[in-house]
Amino acid sequence: MPTRPDAAAKAAMALYADAPRADRAHVRGRWWTAPFTAVEKSLPTTGRVLEVGCGHGLFVAYAALTGPRRIVVGVDIDTDKIAVGTRALAPLGERATVSVGVSGRVPEGPWDAIVILDVLYLLPSAEQHALIERCVAALAPGGRLLVKEMDMAAGWKARWNTAQETLAVKVLRITEGHEFDFVPTATMAQWLRDLDLRVTTAPLDRGYLHPHVLLRGDRVH
């Protein structure tokens with residue numbers, strides 16, 4: 001069920017009060033359509049957290065506000081979104097920062113956790129696998145990788161998601177990219193196991209129109 005904004009979510013969205021109307025709408029829509037609360041609860045409560053493909057930085061802000069002992073960093077290739085996010089997150093100081101990244105690259109670690117939310121599908125499957133490998137290599141001992149993607153075996157929700165992404169990526173150009181490639185959840189989970197992560201998967205789609213699924217990979221050594 002979509003979670004009503006808690007105090008931290010309200011504070012995070014309030015950071016964008018001076019952003020352009022379209023960006024404010026995007027940030028609010030992102031909250032109501034993505035299971036941020038469930039993903040945040042899977043983060044460690046302390047340490048350095050990286051979000052790859054952070055967009056405007058809403059999850060970066062939320063994770064920092066819910067975890068005062070976290071340092072949360074976001075990177076994204078969309079320079080316009082990063083410009084908005086940089087201004088919005090300025091009041092949080094070093095606790096929550098965003099910057100322009102290079103596609104396929106992972107900032108140098110070690111990171112206690114790395115989060116990828118609805119990004120991998122914009123890359124060909126081989127590039128998705130390569131990015132995951134680089135993320136795992138950047139994890140600290142005992143670090144955690146969280147990948148929130150869509151379960152394309154989820155019937156009508158999968159078909160709805162494909163239609164929406166076609167509109168957002170190919171027609172409206174709201175999301176950076178030109179094509180999308182949804183890798184089966186089981187395949188992605190095996191990628192993580194092959195990289196010596198202890199893997200769990202959890203559906204997060206109850207009450208949502210989208211077939212959200214979370215893959216958690218813990219580095220055991």
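Elements of the type strands (runs of 3 or more DSSP E) sitting completely within the range 36-129 and holding at least 2 residues that are closer than 24 Å to PRO20 by Cβ and at pLDDT 95 or above: these cover 70-76, 96-100. Summed over the range 33-90, the residues that are of a type in the set (Gly, Ala, Ser), touching a Gly at 6+ places or on another chain (Cβ under 7 Å) and under 12 Å from ILE114 (Cα atoms) give a count of 1. Just one residue in the set ASP6, ASP23, ASP80, ASP18 is without any contact (Cβ under 8 Å) to a residue 12 or more places away in the chain, surrounded by fewer than 23 Cβ atoms within 10 Å (Cβ to Cβ) and acidic (Asp, Glu); that residue is ASP80.
Residues considered: THR97, THR37, THR66. Of these, the only one that is touching a residue at least 24 places away in the same chain (Cβ under 8 Å) and in contact with a strand residue (DSSP E or B) (Cβ under 9 Å, 6 or more places away or on another chain) is THR97. Listed conditions (1) under 18 Å from LEU120 (Cβ atoms); (2) buried (at least 18 other Cβ atoms within 10 Å of the Cβ); (3) touching a residue at least 40 places away in the same chain (Cβ under 8 Å); (4) not basic (Lys, Arg) are all met by SER42, apart from (2).
Out of PRO110, PRO91, PRO20, PRO5, I need the residue that is closer than 19 Å to ARG144 by Cα and not small (Gly, Ala, Ser). Which one?
That would be PRO110, the only listed residue that is closer than 19 Å to ARG144 by Cα and not small (Gly, Ala, Ser).
Restricting attention to the range 179-221, the residues that are under 18 Å from ALA113 (Cα atoms) and part of a loop (DSSP other than H, G, I, E, B) add up to 4. Of the set (1) more than 24 Å from PRO35 (Cα to Cα); (2) surrounded by 18 or more Cβ atoms within 10 Å (Cβ to Cβ), all apply to SER103 but (2). Evaluate the following for GLN190: is it farther than 17 Å from VAL39 by Cβ, at pLDDT below 95 and among the polar types (S, T, N, Q)? Against the criterion (farther than 17 Å from VAL39 by Cβ, at pLDDT below 95 and among the polar types (S, T, N, Q)), GLN190 does not qualify.
The values are calculated or read from the model by the stated rules, or taken from the named source; none is laboratory data. These numbers were taken from a predicted model, which means no experiment stands behind them. Neighbour counts run over all protein chains shown; Cβ positions are idealised from the backbone, glycine included.
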